[in-house]
Amino acid sequence: MIWFIFVYLLFLIGIGVFSKKLIKSGRDYLLAGQSLPLSLSTFALFATWFGSETILGATDEVLKGGFVKVIEEPFGAALCLILAGFLIVKPIYRMGLVTFGDFFRVKYGEKVEILATLMLIISYFGWIAAQYVAFGLIFKTITNFSFEVSILIGFFVVLILTYLGGMWAIALTDFIQTIVIIFSILFIFFEVLLLAGGFVAFEKIPPSYYSLIPDFNYKDIVMYLAGLITISLGSIPGQELFQRYMSSKSEDVAFKSSILAGFMYLTVALIPLFTVLIIKFALEFETQNTLIDYISLHTNDYVKTVFFAGLMSAVLSTASAAILAPSALLSNNILPKIFKTFSESTLLTFSRFSVLIISVISLILAFSGESIYQLVATSSIITLVSLFSPFILGIYWSKSNKVGAAASIVIGFVSWFVVNFIVGLEYEAVLLGFVLNVLSMVFFSTIFKKI
């Protein structure tokens, strides 16, 4: 199994080396020449989000109380892709932009562009770090290497792949890795189902675990609402989605790929949730890392190889996409303003330099000790409380302006930060930050409507 995994990693790196030949400019590097067909575009969107939080984070959370505990991921994530398809894909594709930061420059000016771009860049570090942590956990289980060494191996694989091949490498590897992910998840599901006696295993799962409605009390409702909007709305203003839409070869392809990826995501993401619930209730096995530990201890080497190949595919595809997104923002919207230069050649140089910087900072965060689920959630919260309203209202409300945008970004983020980290109200902070983000956008745009 170990040798197979090493060969698989080398194969992915080889795709990165090959993809380098397809890159002639910075736009090719960031958007794959805007030439992705429906299949590659859909698989790229799916693989971008189907990562460690889906297989490891959500499976741990669902054991704590059922589907209502994972309303954020995968249900909120799938909803985000569908909402984004209907709300934003066509308007932003027609604008012909390179990065999400460009939208804020065109709509609100350079100062708001810089502010929004910095918020976006900050939001990605936790997401990338989560993938490093997940890879470290997986690789440690496979090889018995230390957790720290395993993280470093994942770091170098993702760095080489992304640094060399950019969006082309990500799109090509995502296509392959999506197939591996789906096959492995289905394979493990039926393997566990067979061991549990077939479909009768579902009868042993308590009916309450299937519920998507929270208990009617203050704590559960606030937690539920915060979780629901964190990714479903908070990830709509995201560079990784923007990058895949703009990499599609047409507006129609971008729209269809988002809708298809949303339904595909929800369908596939439910499988590991059912798998781990069967393991707990039908096979009566539960640990701190139930899914990984069960497969490691109670299945043969062939099953383990299939599972870990799929799991690593999910993590690596998400990690590479998560790194390229903030790198595009840094190289296109920040560095040219510092060095006072911009051309296709400098964009490509800046992009690769940015990949290196983003990767290293995220590596440091990966050793912070935060959980996978929490690292990912924090990333989406930042964009929810700062960028959601200036983005959506910037598209659909003609009165939106730069004062409203700047005020909503600052007020939404600061209010969330204070209530969360100083007052200590985690879920109330999300709701308050979101509401103030919207209200301040409307209020200040109306008051300063001539600006």
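Only the coordinates and a few stated rules stand behind these numbers; no lab work does. Since we're looking at a predicted model, the values are computed, not measured. Here the Cβ positions follow ideal geometry from the backbone for every residue, glycine too, while neighbour counts run over all protein chains shown.
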Practice prompt. Starting from one equal scatterer on each C-alpha and no solvent at all, send me the Debye-based log10 I(q)/I(0) for the stretch 102-167 at q = 0.12, 0.14, 0.21, 0.26 Å⁻¹, two decimals.
Written response: -0.48, -0.58, -0.85, -1.01
Worksheet item: Sorted by packing (mean other beta-carbon atoms within 10 Å per residue), highest first, where do 271-277, 346-352 land?
Response: 271-277, 346-352
Worksheet item: Using the C-alpha atoms of the stretch 61-107, what convex hull volume per residue, in cubic angstrom, is computed?
Response: 93 Å³
Worksheet item: How do VAL360, VAL418, VAL70 rank when sorted from fewest to most other Cβ atoms within 10 Å of their own Cβ?
Response: VAL360, VAL418, VAL70
Item to complete: Find out how many positive minus negative residues lie around TYR163, taking Lys and Arg as positive, Asp and Glu as negative, among other residues whose Cβ is under 12 Å from that of TYR163.
Response: +2
Discussion item. Looking at the calculated P(r) for the chain, what percent of the C-alpha pair distances fall above 33 Å?
Written reply: 32 percent
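Based on alpha-carbon positions alone, could you give the equivalent ellipsoid semi-axes of the stretch 285-353 from the gyration tensor, as √(5λ), descending, whole Å?
Numbers: eigenvalues 384, 30, 7 Å².
Sorted largest first and rounded, they come to 44, 12, 6 Å.
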Worksheet item: In percent, how large is the relative contact order of the chain, given Cα pairs closer than 8 Å and 6 or more residues apart?
Response: 31 percent
Fill in: Set of lysines near LYS111 by C-alpha distance (under 16 Å), chain-local residues within fewer than 8 positions excluded
LYS337, LYS340, LYS402
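Sorted from fewest to most neighbouring beta carbons within 10 Å, what does the list PHE4, PHE308 look like?
Numbers: PHE4 14, PHE308 23.
Fewest-to-most ranking of PHE4, PHE308: PHE4, PHE308.
So what's the net charge close to SER445: Lys and Arg +1, Asp and Glu -1, counting the other residues with Cβ under 10 Å from its Cβ? It would help to have the intermediate numbers written out before the result.
On the way: positive: LYS399, LYS402, LYS449; negative: none.
Computed value for this residue: +3.
May I ask you to order 202-212, 95-105 by the average number of other C-beta atoms within 10 Å around their residues, highest value first? Mind dumping the intermediate values first?
Values: 202-212: 12.8, 95-105: 20.9.
Highest to lowest by the protection proxy: 95-105, 202-212.
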Response to the item:
Over the chain, the sum of -39500 (n - 2.57) across DSSP H runs of at least four, divided by residue number and rounded to 500 deg cm²/dmol, gives at 222 nm -25000 deg cm²/dmol
Discussion item. Apply the a/c threshold of 1.5 to the C-alpha gyration tensor of the stretch 1-134 and tell me whether it is rounded, prolate or oblate.
Written reply: oblate
Response to the item:
the stretch 421-438 and the stretch 13-60 have their Cα centres apart by a whole-number Å value of 33 Å
Worksheet item: Using the C-alpha gyration tensor of the stretch 176-314, what are the square roots of 5 times its eigenvalues, in whole angstrom, with the largest one first?
Response: 30, 24, 13
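What is the sum of charges, Lys and Arg at +1 and Asp and Glu at -1, for the other residues whose Cβ falls under 13 Å from the Cβ of ILE292? All intermediate terms of the calculation are to be shown ahead of the outcome.
Values: positive: LYS140, LYS304; negative: ASP60, GLU286, ASP293.
For residues surrounding ILE292, the net value is -1.
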Response to the item:
Sorted on mean Cβ neighbours within 10 Å (highest first), peptides 250-256, 284-290, 134-140 come out as 134-140, 250-256, 284-290
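Could you tell me whether the stretch 20-82 comes out rounded, prolate or oblate from its Cα gyration tensor? Rule is a ≥ b ≥ c as square roots of the eigenvalues, rounded for a/c under 1.5, then prolate if a/b exceeds b/c, otherwise oblate.
Working: a/c = 4.10, a/b = 2.81, b/c = 1.46.
Prolate, since a/c reaches 1.5 and a/b exceeds b/c.
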Response to the item:
Bounding extents of the stretch 54-198 in its principal axis frame from Cα atoms, largest first in Å, are 60, 35, 29
